[in-house]
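Coordinate-derived values only; no laboratory data. What you see is a predicted model, and the numbers here were worked out from it, not measured in a lab. Here the Cβ positions follow ideal geometry from the backbone for every residue, glycine too, while neighbour counts run over all protein chains shown.
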Amino acid sequence: MPRSVAPWEIERKLLVKAEDKTNPRYGHKPEERPAEEYIRYGVINLDKPAGPTSHEVSAWVKRILNLQRVGHGGTLEA
Amino acid sequence: MTGVLPVTLEESRRIVQALLYSGKEYVCLMKLHGEATEEQVRKVLEEFEDTIYQRPPLRASVKRQLRTRRIYHIDFLEMDGRNVLFKVGCEAGTYIRKLCYDMGEVLGIGAHMQELRRTRAGPFVENGDIVTLHDVAYWFMEWQQQKDEKILRKFIQPMERALALIPKIHIRDSAVDAICHGANLTAPGVLSLETGIHSGSMVTVLTLKGEAVALAKAVASTEEILNMGHGVVAETKRVLMPRGTYPKCWRSGEI
């Protein structure tokens, strides 16, 4: 049976429609954001331990990093 | 259950929705309730590839109606007596516990899910930048003491990482702030875009620096957008960048 293509197996090419430059005065490359901003716009690829729920684990991250709002993408329970 | 759990910090919560809908990969240990040969097991695993029907379990957070899910692949890994180890790549919202139960029914001997580890959630995989809670606590303490930004990058990724599998459209600086105010993306603002965009596709709108501006729904295909001189190419759905990051110039024109 042919395997269906998973989203991570799709190869995409970048095509140029027009040329322009970006002004260095505004914004930052994602990896060059100032520390505080880097954290607030950050994601952690966490290895969830067995036992606690996804919700509990993200609450721990929130406490460790002393943040206001921490969420998680895709509950890992059932 | 262990494995890949992307955790969003503060402002990056806006991309949770995109992660929820992204595909997943798991390594699963299934326990058979009777005897079966490897050949029988392999055959059943293969039967569950492609499209399956599932009714969410009793304890589920969604409406319990029959729905279809794509199974991208099921790879047999190992078998030891009644223990079967396999890897499965599937659409978001596939219940692996249910998958094991159903495969047990088809085998005629019954089966249940014994252990599960998620090895992928969208673009996040278990090898590479994955960290434990212990790593997070340790690196954060190191960061507080040394204030070296390299330490932050050891355990935190920019939210753009989470959007890596969504097709991208890069736009002009002069188009950014209008999008931040909720405007739709029009053709003159587009600089480059990825292949495989169709009308209705979710796309990430980015600056030339690679910063995510918004998540949007394309209203034309890659080929169509390339040839468009004016008109809306994508409807802004979720703004990710704060207003005022780039200058407001949709009235004055030039930066």
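A compact table of results
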| read-out | value |
| --- | --- |
| Residue that is surrounded by the fewest Cβ atoms within 10 Å (Cβ to Cβ) [pool: residues in the range B:127-158 that are in a loop (DSSP other than H, G, I, E, B) and not acidic (Asp, Glu)] | B:ASN127 |
| Criterion violated by B:ALA111 - all others in (1) within 26 Å of the chain's Cα centre (by Cα); (2) more than 8 Å from every other protein chain (Cβ to nearest Cβ) satisfied | (1) |
| In the range B:19-42, the residues that are within 13 Å of chain A (Cβ to nearest Cβ) and more than 22 Å from B:ASN127 (Cβ to Cβ) | B:LEU20, B:TYR21, B:ARG42 |
| Every residue from the range B:166-191 that is hydrophobic (A, V, I, L, M, F, W, C), closer than 13 Å to A:ASP20 by Cα and assigned to a helix (DSSP H, G or I) | B:ALA175 |
| In the range B:176-196, the residues that are among the hydrophobic types (A, V, I, L, M, F, W, C) and buried (at least 24 other Cβ atoms within 10 Å of the Cβ) | B:VAL176, B:ILE179, B:LEU185, B:LEU193 |
| Residue within the range B:77-88 that is in contact (Cβ under 8 Å) with a residue 60 or more places away in the chain and either closer than 25 Å to B:LEU165 by Cβ or aromatic (Phe, Trp, Tyr) (or both) present | yes |
| Residue list for the range A:43-78, restricted to those being assigned to a loop (DSSP other than H, G, I, E, B), in contact with an Asp or Glu (Cβ under 8 Å, 6 or more places away or on another chain) and either closer than 25 Å to B:CYS28 by Cβ or not aliphatic (A, V, I, L, M) (or both) | A:THR53, A:GLN68, A:ARG69 |
| Residue within the range A:10-30 that is outside any loop (DSSP other than H, G, I, E, B) and within 20 Å of B:GLU149 (Cα to Cα) present | yes |
